[in-house]
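The values are calculated or read from the model by the stated rules, or taken from the named source; none is laboratory data. Computed from a predicted model, the values in this text were never measured in an experiment. SASA here: full protein model, heavy atoms, side chains in, ligands and nucleic acids out. Shrake-Rupley method; radii C 1.70, N 1.55, O 1.52, S 1.80 Å.
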Amino acid sequence: MSKNVLDGIKDIATSIYKSIIKKEKPEIAMPLRALNNVTYDPKVGYFELLGKMKNRTLTASTVKTFAQTLRLMSFSKELIKTDDIATKREAYYISKNWGDARFREQPESDAVMDDIEAMLMVNREQIGFIPEEKGGDVAGKLVVVDKDPSTGNEVKIDCSKMGTGAYSVPSSVEHLGFETNAKFILAIETAGMYQRLVKHSYWKTANCILISLGGVPTRACRRFIRRLSDYKKLPVYAFTDGDPYGWLNIYRTLKVGSGNAAHINKYFCVPNAKFFGITAQDIVDYKLPTHPLKEVDIKRIKDGMKNDPFVRQYPQWQKALKDITTLKVRAEQQALAARGLNSVMTEYLPAKLENPKTWLP
């Protein structure tokens with residue numbers, strides 16, 4: 001794969017060089033990364049690009065971005081050739097030596113990095129860059145088979161023997177192996193709810209693996225869940241808050257990906273995930289304490305109903321969004337504490353496991 005990425009970088013550089021020699025304006029092309037350029041087919045399982053492209057032509061107004069793109073591609077080439085990595089933050093600071101082509105703020109370098117991976121149709125890690133953010137915490141009936149980075153010797157990490165701590169998903173998970181006899185993976189939105197389930201060893205009771213998403217899951221966390229699910233044929237249940245953010249940002253991104261990362265969704269989505277979290281009907285049935293929907297929630301609902309191919313595919317999600325709009329409220333996972341601190345383990349999760357009709361696709 002590294003050779004393919006290097007060949008891709010060389011092809012782009014050669015094309016630009018030939019344009020310059022011919023005294024033509026160099027141009028680079030990349031997929032348009034947005035919801036209006038994706039399609040969703042449940043048989044495929046994730047958002048796929050429709051094919052719209054955007055071009056960046058070298059002009060007076062684009063010269064800086066064009067130069068930054070080439071410098072970052074050159075840096076990526078060196079990382080791949082030397083089998084090294086750089087965090088997104090390190091890449092930003094490296095640019096401080098690029099004179100007028102330096103990035104002023106990290107979002108600028110992040111955006112160009114996203115452009116390069118889209119041009120090459122690979123993921124960020126394949127071009128040598130890793131994120132700063134944490135990948136996700138894991139506890140339960142799982143042994144992760146890793147390698148000692150200094151010796152290459154096999155290392156086995158038993159996630160059931162972490163005490164009150166957890167195994168932390170690394171930034172790259174492609175080399176990991178798994179041993180488990182768990183029945184399912186429970187992916188949990190908030191660290192607080194994850195800690196409650198760990199403290200009371202819910203993974204023993206339910207014979208499962210607990211994974212903390214920490215909000216919208218990182219790519220590494222999604223890839224870890226996807227590989228574990230595929231490798232051990234495990235179902236994945238996502239447990240989020242009962243609000244549009246938990247449904248359309250966290251769960252939908254976990255299951256089918258996003259418009260912005262449509263070129264790599266096939267690697268990072270978890271198509272067999274089911275929604276196991278708070279629904280509008282749960283708010284009513286469990287008489288949960290709530291908060292009013294915010295303007296941003298209502299906007300997210302309207303955008304989802306109008307523009308999201310995933311929502312348009314499933315009448316169940318359209319009904320869920322209409323129901324919560326009617327209720328005009330949202331509920332957090334922790335609202336279950338109003339029925340008893342541990343009611344989530346004694347009442348809510350057992351009821352969900354018993355009745356698949358309460359799940360959403």
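Which whole-number value in Å³ per residue fits the convex hull of the alpha carbons of the stretch 75-114?
Values: hull volume 2.7 nm³, N = 40.
About 68 Å³ per residue, rounded to a whole number.
Between the stretch 212-231 and the stretch 106-171, how far is it from one alpha carbon centroid to the other, in angstrom?
Computed from Cα coordinates, the inter-centre distance equals 10 Å.
Divide, for the stretch 213-255, the radius of gyration over alpha carbons by 2.2 N^0.38 Å, where N is the residue count. Please list the in-between numbers first.
Details: Rg = 10.6 Å, N = 43, 2.2 N^0.38 = 9.2 Å.
Cα Rg divided by the expected 2.2 N^0.38 Å: 1.16.
Could you tell me, in Å, what Rg and Dmax come out for the Cα atoms of the stretch 167-257?
Here Rg and the maximum Cα pair distance are 12.7, 35 Å.
What are the semi-axes of the equivalent ellipsoid of the stretch 198-338, taken as the square roots of 5 times the eigenvalues of the Cα gyration tensor, listed largest first and rounded to whole Å?
Values: eigenvalues 121, 90, 28 Å².
Working from the Cα gyration tensor, I get semi-axes of 25, 21, 12 Å.
So how tilted is helix 219-232 from the main axis of the chain? Cα-based, degrees 0 to 90, rounded to 10.
Rounded to the nearest ten degrees, it is 60.
Compute the angle between helix 63-81 and the longest alpha-carbon principal axis of the chain, please, reported from 0 to 90 degrees and rounded to the nearest 10.
Taking the Cα atoms of the chain, the angle to 63-81 is about 80 degrees.
Considering only protein heavy atoms and a 1.4 Å probe, what is the carbon-and-sulfur percentage of the accessible area of the chain?
Of all accessible area on the chain, carbon and sulfur atoms account for 51 percent.
Straight-line reach only, C-alpha to C-alpha below 24 angstrom: list the lysines that Lys22 could link to, leaving out same-chain residues fewer than 8 apart.
Hits, sequence-local ones excluded: Lys10, Lys54, Lys64.
Total Lys pairs in the stretch 128-206 closer than 15 Å by alpha-carbon, pairs eight or more apart in sequence or interchain only?
Going through the stretch 128-206 pair by pair, I get 9.
Over the stretch 1-119, what per residue volume does the convex hull of the Cα atoms give, in whole Å³?
Details: hull volume 17.0 nm³, N = 119.
Given the Cα convex hull of the stretch 1-119, per-residue volume reads 143 Å³.
Hey, what's the chain come to in accessible area per residue, 1.4 Å probe, Å²? Walk me through the intermediate numbers first.
On the way: 17470 Å² over 361 residues.
Heavy-atom SASA per residue in the chain reads 48 Å².
Could you tell me whether the stretch 1-52 comes out rounded, prolate or oblate from its Cα gyration tensor? Rule is a ≥ b ≥ c as square roots of the eigenvalues, rounded for a/c under 1.5, then prolate if a/b exceeds b/c, otherwise oblate.
Values: a/c = 5.41, a/b = 1.92, b/c = 2.82.
Oblate, since a/c reaches 1.5 and b/c is not below a/b.
Need one number: the % of Cα-Cα pairs in the stretch 92-131 sitting beyond the 15 Å mark.
Working: 325 of 780 pairs.
Tail of P(r) above 15 Å: 42 percent of Cα pairs.
Can you list, bin by bin at 10 Å, the percent of alpha carbon pairs in the chain, starting at 0?
Per 10 Å bin, starting at 0, the Cα pair percentages come out as 5, 22, 29, 24, 14, 5, 1, 0.
Dimensions of the stretch 136-185 along principal axes (Cα, Å, largest first)?
31, 21, 18
Determine the distance separating the Cα centre of the stretch 257-278 from the Cα centre of the stretch 1-17; give it in Å without decimals.
Between the Cα centre of the stretch 257-278 and that of the stretch 1-17, the gap is 29 Å.
Once you sort the root eigenvalues of the Cα gyration tensor of the stretch 41-198 as a ≥ b ≥ c, which label holds: rounded (a/c under 1.5), prolate (a/b larger than b/c) or oblate (the other case)? Before the final figure, lay out the partial values.
Values: a/c = 2.31, a/b = 1.83, b/c = 1.26.
Here the stretch 41-198 falls in the prolate category.
Does the stretch 273-361 come out rounded, prolate or oblate by the C-alpha gyration tensor, with a ≥ b ≥ c the root eigenvalues, rounded set by a/c under 1.5 and, if not, prolate when a/b is larger than b/c and oblate if not? All intermediate terms of the calculation are to be shown ahead of the outcome.
On the way: a/c = 2.64, a/b = 1.42, b/c = 1.86.
Here the stretch 273-361 falls in the oblate category.
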